[in-house]
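Asks: Starting off with a structure, shown below.
The values are calculated or read from the model by the stated rules, or taken from the named source; none is laboratory data. Nothing here was measured: the structure is a model prediction, and the numbers come from that model. Cβ sites come from the backbone with ideal geometry, for glycine too, and all protein chains shown count toward neighbours. Side chains are part of the model used for accessible areas, which takes the heavy atoms of the whole protein and leaves out ligands, DNA and RNA. Shrake-Rupley method; radii C 1.70, N 1.55, O 1.52, S 1.80 Å.
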Amino acid sequence: LGKQLDRWLERGGVTPLERESREKSAMLYNFIDQSSSLQTFVQEPKHRSHSVVCIAADPALIQQIHAEATRERIILGSGYGRLQESTFRIATFPAIQKAHIERAIELLSSCVYPQSLSTSCGTGLLR
């Protein structure tokens, strides 16, 4: 814990880390809100987490997203219990860089809007 606190202090303390987590979660929420295939699990913005974004979608799409994430070495959290097949999670903790969130959004975009990128979900060629 002491080493973690030292790393946080090196980055300016809790305030900038919280701001960064809010920015990263906003990037994801904005992308999801524009999608007709993905939904935020928590609908009311004031109740949404700024450290873990929970996303709901058709189970077949979630399987496809998880498969592509695995190919691309991106770790996505699964949903819990009876929601495991219809939700997944993306963390925005301080250890997760903005570039990682941008990469996750690129992956989601390739699965949700395959015609908008030079490759599509399932090809394993997302670069």
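Asks: If we only count helices (runs of 4 or more DSSP H) wholly inside region 1-75, which ones have 1 or more residues that are among the small types (Gly, Ala, Ser) and either within 20 Å of Cys111 (Cα to Cα) or in contact with a Gly (Cβ under 6 Å, 6 or more places away or on another chain) (or both)?
Replies: Values: elements: 2-10, 14-33, 59-71.
Of the helices (runs of 4 or more DSSP H) lying wholly inside region 1-75, those with at least 1 residues that are among the small types (Gly, Ala, Ser) and either within 20 Å of Cys111 (Cα to Cα) or in contact with a Gly (Cβ under 6 Å, 6 or more places away or on another chain) (or both) span 14-33, 59-71.
Asks: Say we look at region 96-117 and pick out the residues that are charged (D, E, K, R) and within 30 Å of Leu9 (Cβ to Cβ); which of these is surrounded by the most Cβ atoms within 10 Å (Cβ to Cβ)? It would help to see each step written out before you state the result.
Replies: Within region 96-117, the first condition is being charged (D, E, K, R), and the residues that meet it are 98, 102-103, 106.
If we keep only those that are within 30 Å of Leu9 (Cβ to Cβ) too, we end up with 98, 102-103.
Values: Lys98: 12, Glu102: 12, Arg103: 16.
The extreme case among them is Arg103.
Asks: Out of Arg73, Arg11, I need the residue that is open to solvent by 80 Å² or more (accessible area, probe 1.4 Å) and on the phi > 0 side of the Ramachandran plot. Which one?
Replies: Step by step, each of Arg73, Arg11 is checked, and only Arg73 is open to solvent by 80 Å² or more (accessible area, probe 1.4 Å) and on the phi > 0 side of the Ramachandran plot.
Asks: Lys46 fails exactly one of the following numbered conditions: (1) out of contact with any Phe, Trp or Tyr (no Cβ under 7 Å at 6 or more places or on another chain); (2) closer than 18 Å to Glu23 by Cβ; (3) in contact (Cβ under 8 Å) with a residue 12 or more places away in the chain. What is the number of that condition?
Replies: (3)
Asks: Has region 116-127 got at least one residue that is assigned to a helix (DSSP H, G or I), at pLDDT below 95 and among the hydroxyl-bearing types (Ser, Thr, Tyr)? Walk me through how you get there before you give the answer.
Replies: Going residue by residue through region 116-127, those that are assigned to a helix (DSSP H, G or I) are 116.
From what's left, at pLDDT below 95: 116.
Adding the requirement that they be among the hydroxyl-bearing types (Ser, Thr, Tyr) leaves 116.
Scanning region 116-127, I find at least one residue that is assigned to a helix (DSSP H, G or I), at pLDDT below 95 and among the hydroxyl-bearing types (Ser, Thr, Tyr), so the answer is yes.
Asks: Name the single residue, out of those in region 84-95 being open to solvent by 50 Å² or more (accessible area, probe 1.4 Å) and hydrophobic (A, V, I, L, M, F, W, C), that is farthest from Tyr29 (Cα to Cα). First the steps, then the outcome.
Replies: Just the residues of region 84-95 that are open to solvent by 50 Å² or more (accessible area, probe 1.4 Å), to begin with: 84-85, 89, 93, 95.
Subsequent filtering for residues that are hydrophobic (A, V, I, L, M, F, W, C) retains 93, 95.
Details: Phe93: 15, Ala95: 19 Å.
Among residues in region 84-95 that are open to solvent by 50 Å² or more (accessible area, probe 1.4 Å) and hydrophobic (A, V, I, L, M, F, W, C), the one farthest from Tyr29 (Cα to Cα) is Ala95.
Asks: Moving on. Against the condition open to solvent by less than 50 Å² (accessible area, probe 1.4 Å), in contact with a strand residue (DSSP E or B) (Cβ under 9 Å, 6 or more places away or on another chain) and of a type in the set (D, E, K, R), how does Arg48 come out, does it pass?
Replies: Working: open to solvent by less than 50 Å² (accessible area, probe 1.4 Å): yes; in contact with a strand residue (DSSP E or B) (Cβ under 9 Å, 6 or more places away or on another chain): yes; of a type in the set (D, E, K, R): yes.
For Arg48, the condition - open to solvent by less than 50 Å² (accessible area, probe 1.4 Å), in contact with a strand residue (DSSP E or B) (Cβ under 9 Å, 6 or more places away or on another chain) and of a type in the set (D, E, K, R) - is met.
Asks: Scan region 24-78 residue by residue and report those that are at pLDDT 95 or above, in contact with a Ser or Thr (Cβ under 8 Å, 6 or more places away or on another chain) and of a type in the set (A, V, I, L, M).
Replies: Listed by number, the residues that qualify are Leu28, Ile32, Val52, Val53, Ile55, Ala56, Ala57, Leu61, Ile62.
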